[in-house]
1. Against the condition aromatic (Phe, Trp, Tyr) and in a helix (DSSP H, G or I), how does Phe163 come out, does it pass?
2. Please work out if Ser366 is outside any strand (DSSP E or B), open to solvent by 30 Å² or more (accessible area, probe 1.4 Å), small (Gly, Ala, Ser) and touching a residue at least 24 places away in the same chain (Cβ under 8 Å).
3. Could you say which residue among Ala233, Ala241 is open to solvent by less than 20 Å² (accessible area, probe 1.4 Å), touching a residue at least 40 places away in the same chain (Cβ under 8 Å) and among the aliphatic types (A, V, I, L, M)?
4. Quick one: count up the residues across the stretch 572-583 that are outside any loop (DSSP other than H, G, I, E, B) and farther than 18 Å from Gln488 by Cβ.
5. Looking for whichever is within 27 Å of the chain's Cα centre (by Cα) and either of a type in the set (Lys, Arg) or open to solvent by 60 Å² or more (accessible area, probe 1.4 Å) (or both) here; the options are Arg280, Arg224, Arg306, Arg211. Which one fits?
6. Please determine whether any residue of the stretch 553-560 is free of Cβ contacts under 8 Å to residues at least 40 places away in the same chain and surrounded by 16 or more Cβ atoms within 10 Å (Cβ to Cβ).
7. Select from the stretch 394-404 the residues that are farther than 19 Å from Leu541 by Cβ and in contact with an Asp or Glu (Cβ under 9 Å, 6 or more places away or on another chain) and list them in ascending order.
Amino acid sequence: MDEEHRPRPPARPMSPRPLRPTDAASHPRLNETDHPSTLHERGVRMLRDGTTLNPRPRVGQPPPIPLVPRRPPLRLPLASAPRRLHVLLIAIAMALSLCAGRLLQLQGFDSSSYKADALTRTLPLLPARGELTDRNGLVLASTQPAVAVTADPTLTAPRAAEFASVLAGHLGMSEAELMPPLTKTGTRFVYLKKKVPALTYSALATDLASRDLRGIFRESDPIRTYPNGSVGASVVGFVGADGDGLAGLERTLNAQLAGVEGKETYESAPNGSKIPLGQRSITPARNGLSFQLTLDSEVQWAAERRLAEQVAKTRADSGFAIVLDVKTGQVIALANAPSYDSSRPQAARSEDRGNRAISAPYEPGSVQKVLTAAALIDSGTANPSTRVIIPGRLASGGRSIKDHFSHGVLRYTMRGVIADSSNIGTALLARQLDKQRLHDYLVSFGLGSTTSLELPGESAGIIPKPDMTDSQRDQISFGQAIAVTGIQEAAAVASVVNGGIYNPPTLIKKAIDGEGNEVAVPRAPQRRVISEKSSAEVRELMQAVIDTENGQRNLKLERYSTGGKTGTAQRADTSCRCYRGYVTSFAGFAPLDDPQILTYVVISNPRNGDTGTTTAVPAYRDIMTMALPHYSVIPDARRHKPLPTEW
């Protein structure tokens, strides 16, 4: 049998053997135990304390790794548990005592001094300014969200050039303008630009955040906008940089439009942040009222455009046009030329930023004869058929009164006196009326006092006292020696053709609060100034003006029956305290039997033309031709036989 196939005997298990004396002597800790360890691995023995012993190295093997004895754990002796608990409780009691003592000091002894040093902040809560709209709801003035852009120079100065580069593109400013405030020393607050639209600031904030530029802030600073620019500017007005009204209705109604500012009061930390559980109170803001005006933007635009053309054509200093609703006194249009744009009032001359129709008194000229005739008829002094003998001149106060045309002795009825606008005939008729009574009629027509129209700067005009001289009465009868405003004269003429009922002129149709509820608007009461019969006779006199040859050629409206009166007066020049130039005008209404709309046009100091017919009437006719159908007034023109003007 081969050697490799021969069976081998089974291996005997190895039994532990005791260490040799040499091994025991070589181990430093063997004396610590009486019982040697058993063999753990081949050639390695482990003692009870965990120490291992390697046998002597065999020939050809590396030397054994020296063993490092393991150190026993460090154990500290501790005091008893009850004693430790007592010490801990004493420490807590001492800490609580210190806190209680400090609290007693703050709230009991030093509370007043700390209260004085407390940081209490109050922030204003701004109300929304009300809107102004025309009678059809078209916005004339509104407020858009905007901000004032501010900066903290302590944050912006280190990277001022980067800030300036970003800000310049959004704020429309140069980098050179921005650098000084961005690097200003000794302050943590500067304004960069005011009235910045909210959308512009939003884009700016996004751009700054993307570049990790911090130190730009904002404050609420709303922008007042006027979408229609110059349309109605002399009525609407404008606001200043602080948002307060400076002209027009913006000024008169400023308190109502502005609303009531609220406030928020809170306790804050030194860094300005709110203390979460601190005292806090809020008084809500109350938004301003919005007003719907009686103006019609379309008629207003037409009146402004046509008036401006006529002022330019006649080379006049200025002019105004008033369109009234005869039945209510509502002002449909009130145009001035020259005027301005409410969005850019600084671009206009100061004298053009007012409203001449209410603040610049003038002598009305022959339009005043309508009111003189109304007083004469209503008092029973005369009627349209009253006969008058008119000389070529009339002595008055050491001077002579003459007519605008040369003539000998004329035999006119009162109708003819008004139709041909005779100063002499009007003065002769007025001499039959008591001075006191004439004065009383003028006062009842609204002359000599303001009309209470909702605009600032209204003048009361000037009328002589009841003890006027004879010559003053003569001059007043045909529109001199008396000063009126355009709105006074328009409202007065409207009253004597409106069945004798005076409706105080108004620009406010209704008011609406911040909740959308209608608010009552104070109204001056209407009043009767002449009888209905007298009013019909006054309309007849004004129809006679249209029936003249000049009236048929220049004054009449093609599709409506109408009445009217031209006016030409010497112009008082304050620079020389003398008469220089003329004030020309025309007042007309339609329809004749049921007046709906009255238009009054006045041209100041025209240099091309010196009569109401050539200067004011063209604008009047165009405005009325637009306004009457715009308000669905039914055309009523018809043929009729003119009544006699002579005898």
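The values are calculated or read from the model by the stated rules, or taken from the named source; none is laboratory data. These figures come from a predicted structure and were not determined experimentally. Neighbour counts run over all protein chains shown; Cβ positions are idealised from the backbone, glycine included. Heads up: the accessible areas ignore ligands, DNA and RNA and are worked out on the full protein's heavy atoms, side chains in. Shrake-Rupley method; radii C 1.70, N 1.55, O 1.52, S 1.80 Å.
1. yes
2. no
3. Ala233
4. Adding up the residues that qualify gives 6.
5. Checking each option against the conditions leaves just Arg224.
6. yes
7. Of everything in the stretch 394-404, those that are farther than 19 Å from Leu541 by Cβ and in contact with an Asp or Glu (Cβ under 9 Å, 6 or more places away or on another chain) turn out to be Leu394, Ser396, Gly397, Ile401.
Here is a yes/no grid of residues against (1) among the polar types (S, T, N, Q); (2) under 23 Å from Ile322 (Cα atoms); (3) loosely packed, with under 14 Cβ neighbours inside 10 Å:
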| position | (1), (2), (3) |
| --- | --- |
| Ala375 | no, no, no |
| Gly380 | no, no, yes |
| Val388 | no, no, no |
| Pro391 | no, no, no |
| Gly408 | no, no, yes |
| Ser421 | yes, yes, no |
| Thr426 | yes, no, no |
| Leu438 | no, no, no |
| Leu453 | no, yes, no |
